[in-house]
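Derivation of every value follows stated rules applied to the coordinates shown; laboratory data play no part. Just so we're clear, the structure is a prediction, and the values are computed from it rather than from any experiment. All Cβ positions, glycine included, derive from the backbone under ideal geometry; neighbour counts span all protein chains shown.
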Amino acid sequence: MPRSTHLRRKVFVTRAIDPAALERLRAAAAVAVWPGEMPPPAPKLRTALADADAVLSMITDKIDASVIAGAPRLRVISNLGVGVDNIDLEAATRAGIAVGHTPGVLTEATADLAFGLLMTTARRIAEADRHVRAGRWRTWGPMTMLGCDVHSSTLGLIGFGAIGQAMARRAMGFGMRVLYLKHPSSKRIAGAAAVSLPRLLAESDFISLHVPLTPKTRHMISVREFALMKPGAILINTARGAVIDQRALVAALKSGRLAGAGLDVTDPEPIALRDPLLRFNNVVVTPHIGSASIATRANMAAIAVDNILAVFSGRLPRCCANKKVRLRPPKDAA
């Protein structure tokens, strides 16, 4: 295809991504990359998309119906992430805009982080590190930094898709008993038992969340669920912050109902420094780094670019979140 055709296509990338993926994109279009660490402010995003054919977005970029309405040339939104709750899927579908995402590739990295949070919280690793750095380690003590056993304990998984199943495999390697929330679409794994939510909450020493954020899952873990949990349980969340009612979580921690929490996601993000969750020594918070391994982020960027290039070739993205969309035709450059 002639270079002039490439240059007529405009792609906005809302933050820097893997250089190799970016070079592939630049070979197919005129690419503008938003500089800096922070996402583009809403007015800047609107301006950039006003004449863009594609956007490679992050989960921090809110692309709602009004943004979509102001982007008459846009044919594809390619989100760097599995979740697409930052995008109005219905508005995009009505407008003939494909929404790409990057499922599958981040499964193992996210499960690694989730299990790392479980280990860190159970054995008080982050708290122990702070203890040493504060100069409080004076000698070995028989009652110093006592934590919870991981081996031979019970892990309850709420959400048993690819990441939940990867967590189950890790847990079994530690000799854990694995329960998962019964669901018609759940794949069965030998050694794991499908149970009801009340039973899972009552019997699990560790509960790990792996569900997408939808109207049904928003605050699915709240006052009632905390009351049903086994006393001394530990809650892990690498899904979305709003799956948990954080006020109820704070109350459960204050009461001693929970032994701790490991959170890679919060509501909102970033968490405010004055948030009461940060006052608990038994809470570990990481800055949404579930997929943040070098190889995983490079693979995510490659898929996000593939999704855009597919639409430029007249096809749906390789990983499409709205497969029923009828692609709008490309508009001639002004």
Which trypsin sites (Lys or Arg not before Pro) in the range 132-185 pass both tests, a DSSP loop state and at most 13 other beta-carbon atoms within 10 Å? Arg136, Arg138
Within a Gaussian network of the chain (alpha carbon springs, distance under 10 Å), most fluctuating of Leu278, Leu157, Leu201: Leu278
Could you please tell me the mean projected area of the C-alpha convex hull for the range 1-151, averaged over all directions and given in square nanometres to one decimal? 13.5 nm²
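For the chain, compute the number of Lys pairs whose alpha carbons are separated by less than 19 Å, excluding pairs fewer than 8 positions apart on the same chain.
On the way: Lys10/Lys44; Lys10/Lys331; Lys44/Lys62; Lys182/Lys216; Lys182/Lys230; Lys230/Lys254.
Lysine pairs meeting both conditions in the chain amount to 6.
Quick one: divide the alpha-carbon radius of gyration of the range 179-334 by 2.2 N^0.38 Å and tell me what you get. Display every interim value, and only then the final one.
Working: Rg = 19.9 Å, N = 156, 2.2 N^0.38 = 15.0 Å.
Computed over Cα atoms of the range 179-334, the ratio equals 1.33.
Given R₀ = 30 Å, what would the calculated FRET efficiency be for Lys216 paired with Met172, taking r from the Cβ atoms and rounding to 0.05? Please report the intermediate quantities before stating the final value.
Values: r = 29 Å, r/R0 = 0.96.
It comes to 0.55.
Which value, in debye to the nearest 20, describes the size of the charge dipole of the chain about its Cα centre when Lys and Arg Cβ atoms bear +1, Asp and Glu Cβ atoms bear -1, and nothing else is charged? All intermediate terms of the calculation are to be shown ahead of the outcome.
Numbers: 44 positive and 25 negative charges, 91 e Å.
It works out to roughly 440 debye.
Evaluate the relative contact order of the range 107-285 (contact order divided by residue number), counting alpha-carbon pairs under 8 angstrom at least 6 apart; express in whole percent. Walk me through the intermediate numbers first.
Working: 317 pairs, mean separation 37.8, N = 179.
Relative contact order comes out at 21 percent.
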With runs of 4+ DSSP H residues as the only contributors, calculate the mean residue ellipticity of the chain at 222 nm using -39,500 (n - 2.57) per run, divided by the residue total and rounded to the nearest 500. -9500 deg cm²/dmol
Taking the chain as a Gaussian network, Cα atoms linked when under 10 Å apart, which of Ile234, Ile158, Ile289 shows the biggest mean-square fluctuation? Ile289
Contact order relative to length of the chain, as percent, for alpha carbon pairs under 8 angstrom and 6 or more apart: 20 percent
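Taking the convex hull of the alpha carbon atoms in the chain, what volume per residue do you get, in Å³? Don't skip to the end; give the middle numbers.
Details: hull volume 51.2 nm³, N = 334.
In the chain, the Cα hull volume divided by residue count equals 153 Å³.
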Any trypsin sites (Lys or Arg not before Pro) in the range 193-290 that lie in a DSSP loop and have at most 12 other Cβ atoms within 10 Å would be Lys216, Arg274
Which of these, His219, His151, His210, has the largest mean-square fluctuation under a Gaussian network model of the chain (Cα springs below 10 Å)? His151
Normalised alpha carbon radius of gyration of the range 107-285 [divisor 2.2 N^0.38 Å]: 1.01
